[in-house]
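This report refers to the structure that appears directly beneath it.
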Amino acid sequence: MNKLKILNDPIYGFITIPNSLIFDLIQHKYFQRLRRITQMGMSYLVYPGAHHTRFHHAIGCVNLMQKAVNILRFKGVTISKDEEDALYVAILLHDIGHGPFSHAMEHSIVNNVSHEEISLFLMKKLNQEFNSNLTLAIQIFKGEYHRKFMCQLISSQLDIDRLDYLRRDSFYTGVAEGNVNSERLITMLNVVDEELVVEEKGIYSVEKFLIARRFMYWQVYLHKTGLAAEQLLIRVLKRAKELANRSIELNASKPLSYFLCNEISHSNFSDSTLNIFSQLDDYDVVSAMKEWQNHDDFVLSNLCKMIINRDLLKVKIKSKPFKGSTLDKHLNNLTSVHGINQEEASYFVFKGEVSNQAYGIKGKNINILYKSGKIEDIVKASDHLNLKPLSKPITKYYICYPKEKL
């Protein structure tokens, strides 16, 4: 059977599957599940085109990693066949642990078990099935491999993951400001003392990348309407869990029912839990919400109707925190009009904050390599006035409350 298939991607054109191991991993049910996990969560309620999946993204990342390996080898960096294969596996599976609607589920279905940790659980499980052929990939994914640049290609300030999702999300949302030239950036990569650097010629591409990242966060990922929709989804599952704990009947698929009826955390995340998690996707949640919009519970039914019919909460966002009195006013209004208690009203009236730092997590620099051999952080190397502010976290505050009537 020919396993070196060619896929047609709207961003990069034809993508070749590099080897039979990658093909077999793509064919595995754990990976096929990513076809049913939206890459951008609830953002399609703001940008109608944003229906692409984690499957698209992972395949795109493998394509970019192939380019990176070829470029680095061309520049004299030694990468063995085993290391090459491990890089492809690590980048293919880096998002395999995402739950339904991507990030929203980390706060609802499981208690503080991140998608990276679940990805690692799934990779270890696959490693058993694939005769330990994923061992080196897992080492690189965990950041434990002695050749640091390989870990940086998977996770850093300028990694393959970001080079794909910025370009892909920009394409599917139609937000042109986020479009980065990923091929140009990869062509400028090099390795010095086993660490990833960008050659001096690529400095303007890096500047564009950082500014594109900032635009995408405020314009797309942290768009106030998308934010409100994601908060509603988190609250739908929180309320469903609350009702399930009170033994109130809820129609849902078996995998979703399992997570609603059980408190899952690190301590009890077993092999059987992992198997049930691997059957959970966006379809389970959407089907459940379609059922629950007719539920007797006022809170659950109205939250579901808001998402299904895109009749979302009103959102206000600003650079200073909202006063408690503003929140109380909306809470009291809701309790008096609908005869519900303060706790129930708090599902519809709440405030929070979001922050974004486009660059500058300590210890994760983008280093520029000059022709002289000198290496300098991009913020110092750049003559762009906007880069220094990008390394400071910016926090914005939001408040959500219902429109005139529920």
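The values are calculated or read from the model by the stated rules, or taken from the named source; none is laboratory data. The model shown is predicted, which means the values in this text are computed figures rather than measured ones. Neighbour counts run over all protein chains shown; Cβ positions are idealised from the backbone, glycine included. We work out accessible area using only protein heavy atoms, side chains counted, and drop any ligands, DNA or RNA first. Shrake-Rupley method; radii C 1.70, N 1.55, O 1.52, S 1.80 Å.
Inspection of segment 375-396 finds no residue satisfying the criterion of being open to solvent by 20 Å² or more (accessible area, probe 1.4 Å), over 29 Å from MET216 (Cβ atoms), out of contact with any helix residue (DSSP H, G or I) (no Cβ under 6 Å at 6 or more places or on another chain) and not charged (D, E, K, R). A count restricted to segment 202-246 and to residues that are in contact (Cβ under 8 Å) with a residue 40 or more places away in the chain, under 30 Å from GLU343 (Cα atoms) and either open to solvent by less than 20 Å² (accessible area, probe 1.4 Å) or part of a helix (DSSP H, G or I) (or both) stands at 20.
Of the set (1) modelled with pLDDT of 95 or more; (2) open to solvent by 20 Å² or more (accessible area, probe 1.4 Å), all apply to ILE317 but (1).
Quick grid of which residues meet (1) open to solvent by 60 Å² or more (accessible area, probe 1.4 Å); (2) in contact with an Asp or Glu (Cβ under 7 Å, 6 or more places away or on another chain); (3) polar (S, T, N, Q):
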| residue | (1), (2), (3) |
| --- | --- |
| GLU263 | yes, no, no |
| SER267 | yes, no, yes |
| ILE276 | no, no, no |
| ASP282 | no, no, no |
| VAL286 | no, no, no |
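One line per residue, one yes/no per condition, for (1) closer than 20 Å to THR53 by Cβ; (2) without any contact (Cβ under 8 Å) to a residue 60 or more places away in the chain; (3) of a type in the set (A, V, I, L, M):
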site: HIS94; (1), (2), (3): yes, no, no
site: ALA104; (1), (2), (3): yes, no, yes
site: LEU122; (1), (2), (3): yes, no, yes
site: ALA137; (1), (2), (3): no, yes, yes
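Is there any pair with a first residue in segment 348-359 that is touching a residue at least 12 places away in the same chain (Cβ under 8 Å) and among the hydroxyl-bearing types (Ser, Thr, Tyr) and a second that is open to solvent by less than 10 Å² (accessible area, probe 1.4 Å) and part of a loop (DSSP other than H, G, I, E, B) whose Cβ atoms are under 7 Å apart and which are 6 or more apart or on different chains, and what are they? Pairs that qualify, where the first residue is touching a residue at least 12 places away in the same chain (Cβ under 8 Å) and among the hydroxyl-bearing types (Ser, Thr, Tyr) and the partner is open to solvent by less than 10 Å² (accessible area, probe 1.4 Å) and part of a loop (DSSP other than H, G, I, E, B), are TYR359/GLN157. Only one of the numbered conditions (1) part of a loop (DSSP other than H, G, I, E, B); (2) of a type outside the set (Val, Ile, Thr); (3) in contact with a strand residue (DSSP E or B) (Cβ under 9 Å, 6 or more places away or on another chain) is violated by TYR397, and that is (1).
For segment 1-35, the set of residues classified as within 30 Å of ALA228 (Cβ to Cβ) and surrounded by 16 or more Cβ atoms within 10 Å (Cβ to Cβ) consists of ILE11, ARG33, LEU34, listed by residue number. Among ASP296, ASP282, ASP271, which is touching a Ser or Thr at 6+ places or on another chain (Cβ under 7 Å) and among the acidic types (Asp, Glu)? On inspection, the qualifying residue turns out to be ASP282.
Applying the condition of being more than 25 Å from the chain's Cα centre (by Cα), charged (D, E, K, R) and farther than 30 Å from VAL299 by Cβ to segment 360-406 and asking which residue is modelled with the lowest pLDDT yields LYS388. For segment 56-72, does any single residue satisfy the condition of being crowded, with 19+ Cβ neighbours inside 10 Å and outside any helix (DSSP H, G or I)? Among the residues of segment 56-72, not one is crowded, with 19+ Cβ neighbours inside 10 Å and outside any helix (DSSP H, G or I), which makes the answer no. Scanning segment 247-283 for residues that are modelled with pLDDT under 90 and part of a helix (DSSP H, G or I) yields HIS266, SER267, ASN268.
Within segment 184-201, which residues are in contact (Cβ under 8 Å) with a residue 24 or more places away in the chain, assigned to a helix (DSSP H, G or I) and over 18 Å from ARG168 (Cβ atoms)? THR187, GLU200, listed by residue number.
Could you tell me whether any residue of segment 162-182 is of a type in the set (Val, Ile, Thr), assigned to a helix (DSSP H, G or I), touching a residue at least 40 places away in the same chain (Cβ under 8 Å) and open to solvent by less than 10 Å² (accessible area, probe 1.4 Å)? There is no residue in segment 162-182 that is of a type in the set (Val, Ile, Thr), assigned to a helix (DSSP H, G or I), touching a residue at least 40 places away in the same chain (Cβ under 8 Å) and open to solvent by less than 10 Å² (accessible area, probe 1.4 Å). Go through the residues of segment 118-133 one by one and say whether even a single one is crowded, with 19+ Cβ neighbours inside 10 Å, over 17 Å from the mean Cα position of the chain (by Cα) and closer than 30 Å to VAL192 by Cα. Looking for residues that are crowded, with 19+ Cβ neighbours inside 10 Å, over 17 Å from the mean Cα position of the chain (by Cα) and closer than 30 Å to VAL192 by Cα, one finds at least one in segment 118-133, hence yes. Filtered by the rule that a residue be within 16 Å of TYR165 (Cβ to Cβ), open to solvent by 20 Å² or more (accessible area, probe 1.4 Å) and in contact with a helix residue (DSSP H, G or I) (Cβ under 7 Å, 6 or more places away or on another chain), segment 36-52 gives TYR47, GLY49, HIS51. Out of the residues in segment 328-361 meeting the condition of being part of a loop (DSSP other than H, G, I, E, B) and closer than 16 Å to LEU210 by Cα, tell me which one is most open to solvent (accessible area, probe 1.4 Å). For segment 328-361, the residue satisfying everything is ILE361. Taken together, ALA86, ALA90 contain a single residue that is assigned to a helix (DSSP H, G or I), over 28 Å from LYS314 (Cβ atoms) and under 20 Å from the mean Cα position of the chain (by Cα), which is ALA90. Checking VAL69, VAL77, VAL62 one by one, the residue that is in contact (Cβ under 8 Å) with a residue 24 or more places away in the chain and out of contact with any Pro (no Cβ under 8 Å at 6 or more places or on another chain) is VAL77 and no other.
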